[in-house]
1. For Asp261, Asp308, what ranking results if the residue with the fewest other Cβ atoms within 10 Å of its Cβ goes first?
2. Whose amide H sits under 5 Å from the amide H of Lys3, counting only residues 5 or more places off or on another chain, with H placed in the peptide plane?
3. Given H placed on each backbone N at 1.01 Å, which residues far from Gly44 in sequence or on other chains put an amide H within less than 5 Å of it?
4. Distance in nm between label sites at Ser163 and Asn65, each 7 Å beyond Cα in the beta-carbon direction?
5. Determine ³J(HN,Hα), in whole Hz, for all residues of region 274-286 in sequence, where each value follows from phi through the Karplus function 6.51 cos²θ - 1.76 cosθ + 1.60 and θ = phi - 60°; x replaces Gly and Pro.
6. Based on the alpha-carbon gyration tensor of region 327-381 and its eigenvalue square roots a ≥ b ≥ c, which shape applies: rounded if a/c is under 1.5, prolate if not and a/b is larger than b/c, or oblate?
7. Determine ³J(HN,Hα), in whole Hz, for all residues of region 100-115 in sequence, where each value follows from phi through the Karplus function 6.51 cos²θ - 1.76 cosθ + 1.60 and θ = phi - 60°; x replaces Gly and Pro.
8. Amide H to amide H, which residues 5 or more places from Leu286 or on other chains are under 5 Å from it, using H placed in the peptide plane?
Amino acid sequence: MKKLAIIGAGISGLFIANLFKNNTDYQITIYEKNTSISLEEGYGVQLSVNSIKLLNEIGFQKLQNNEKFTPEKIKFYSAKNSSKICELNISEFNSNNCNYTTLKRSTLINFLKKNLEDLIKTNYNISKIEKIDKQIRLSFQNDEIDKCDYLIISDGVFSKSKSLISNNKIKPKYNDTLAIRGILTKSPENIDNKNITLFLGSNFHYVFYPVNPSGQLNFIAIMKHELSLEEQKNYRLFIDDLFIKKVLEKIPLTNKNFLSDLEELKIFPIFVSKDFYKLQNNNIHLIGDAFFAFPPSFAQGASQSIEDAYELFQSIKNNTEHNFFKNRANKVKMVNNRSKLNQFAFHLSNPLSIFFRNIFMKSLVKNKIFLKYYLGKIYKN
């Protein structure tokens, strides 16, 4: 029996643990640095059909309907005057039990961890990773030591494990944007609580989408905001009341009344990967944001983390680990390019550029050839 260690109990780490759980060839342990698994109640998650298909393999389709939602459209508006630009029918990519799904991140995490409690060790903060013969030796800050045959690193964009194995050479970069997010229990005026509503503005955009049938909405705004290196490292800044107030005042919303209704409000800087880090060992692998983190403007963060985990599971099971990096890097590059393009298009500030962008968008959302290329290639496993 092979010992398989997973560092990080996020979406990708928990999902791959579920895939291996019933495979008697592997003994699984999940190491989480925190004292408990973070549910991050203020977060919503969008899951496109590529990830729903994979989640269904561990029973996601049995999740209660009151815990998730299946929007059919993305409606685009101008943030300047709230005029409608166009709408995209995302339900065209649905099939069988694979529907575009939105839900609370906490709902997804609870689903993923419900059968793994006996495999998760909390308060295990990695301090050293060593290759000893064919095994990997793991040292933790609580003085515990373990060995494994396979190490799966899924501890996020600021992956400490990735820093350890790369001698601190690989670090994410600030994307010059802040995210403001929270949950609304009632829909703001003129917001469709049955679909995804996206407002495009000058150097910012914001989104509302339902996370369950009860009317709860996730709100997220992505706004250009420069930070000094010192500010980027000062995590207390993002919970400072004065800083939060200044950021909220800076968002050029036509109607800010709903901001006071936001629950679990959080503001945080968005960091992305500068490049891929290719490992030389076939028994150490990165998945999720530790593999590659891209801007959130394509809503594929969770879905690509799930794809990472599934591809690695298949690679280890079939002894084709040497193909994992190349296969995933090709797909993630596509997603990253689309994410950057979306952010660029969403944040245009020149009136003439905005005018032509809107004309193109009205045409492209109806162009099946374009949609098959731009979305279909991503939504397909």
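Rule-based calculations on the coordinates, nothing more; no lab input. Remember, it's a predicted structure, so these values are computed and weren't measured experimentally. Here Cβ is always computed from backbone atoms with ideal geometry, including for glycine, and neighbour counts include all displayed protein chains.
1. Details: Asp261 15, Asp308 28.
Fewest-to-most ranking of Asp261, Asp308: Asp261, Asp308.
2. Under 5 Å from the amide H of Lys3: Gln27, Asp149, Tyr150.
3. Under 5 Å from the amide H of Gly44: Arg105.
4. Rounded to a tenth, the inter-label distance reads 4.7 nm.
5. With the stated coefficients, region 274-286 comes to 7, 6, 7, 10, 8, 7, 8, 9, 7, 10, 10, 9, 9 Hz.
6. Working: a/c = 4.68, a/b = 1.58, b/c = 2.97.
Since a/c reaches 1.5 but b/c is at least a/b, the shape of region 327-381 is classed as oblate.
7. Taking θ as phi minus 60°, the curve returns 3, 10, 10, 6, 6, 4, 4, 5, 5, 4, 4, 4, 5, 9, 4, 10 Hz for region 100-115.
8. So Leu286 has HN proximity to Ile153.
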